[in-house]
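One structure below.
Each reported figure results from applying straightforward, stated rules to the coordinates on display, with no laboratory input. Here the structure is a predicted model, which is why all the values come from computation and not from measurement. Please note: Cβ atoms are built from the backbone with ideal geometry, for glycine as well, and neighbour counts cover all protein chains shown.
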Amino acid sequence: MSESTSVAELIEAGEITPIEAAQQLALVTAMLHQLKDSESALRGYLTDHLDPKEHLTTALGVVSYKRGGEAKWRVKDPVAFGQWLARNGEESSVEEVLYPVEFITKPDAIEKLVRDHLGEQPDGVELSGGRADSVATSKVKAWNEVMNDLTAQRQAGALLGIDSGSKKKEVSEWDRI
């Protein structure tokens, strides 16, 4: 295996074009789909074939059995649960609480409240949902199609830092003797 330059280093050095980046992103996406499928199948197989507390040590890492847990009930909507309790004869299990009316829970109304209160964030409110600009991949070749394409194979090897051996190595004068 040869030393490889990371994609981030290539981008930083200006040695990658947008079309090359797009090709590599599509390739990485295909690889991730294949890897996720493989990971799922291998995890299922090993879960079925390892004993509790067993672990296998390989040259690449250690795989250990993890005991699952039983399903447990949890309250995901306390208000709906409280209303159900009250409707079903469990009034002693509920209490009245202050609850905001619906219009004030809208993002624009909260934004106005924060401005009106000089930037103070109300208790029980968080700023969420923002995300940076990004790109999406679609119509990505299936992994078997990638592996049948020699150019894609070389690109995959380069991304993984694998020397395909297709490049001629420089031969020094001393090697020719």
> Which of the DSSP-defined H helices in the chain satisfy a minimum axial length of 30 Å, computed from C-alpha atoms, and a minimum mean Kyte-Doolittle hydropathy of -0.5?
Replying inline: 18-49
> About its Cα centre, what dipole magnitude does the range 1-65 give when the only charges are +1 on Lys and Arg Cβ and -1 on Asp and Glu Cβ, stated in debye to the nearest 20?
Replying inline: 260 debye
>> Within the chain, count lysine pairs with alpha carbon atoms under 30 angstrom apart where the residues are 8 or more positions apart or belong to different chains.
In response: 13
> Among VAL94, ALA109, ALA80, whose Cα lies farthest out toward the positive end of the dipole of the range 70-117, if unit charges sit on the beta carbon of Lys, Arg (+1) and Asp, Glu (-1)?
Replying inline: ALA109
>> Can you give the local net charge around LYS53? Use residues other than it whose beta-carbon is closer than 14 angstrom to its beta-carbon, Lys and Arg +1, Asp and Glu -1.
In response: 0
>> As I understand it, the dipole of the range 25-72 uses +1 on the Cβ of Lys and Arg and -1 on the Cβ of Asp and Glu, about the Cα centre. Which of HIS33, THR58, GLY69 lies farthest toward its positive end?
In response: GLY69
>> Just to check, using Stokes-Einstein with a Kirkwood Rh over alpha carbon pairs, what's the diffusion coefficient of the chain at 37 °C and 0.692 mPa s in µm²/s?
In response: 137 µm²/s
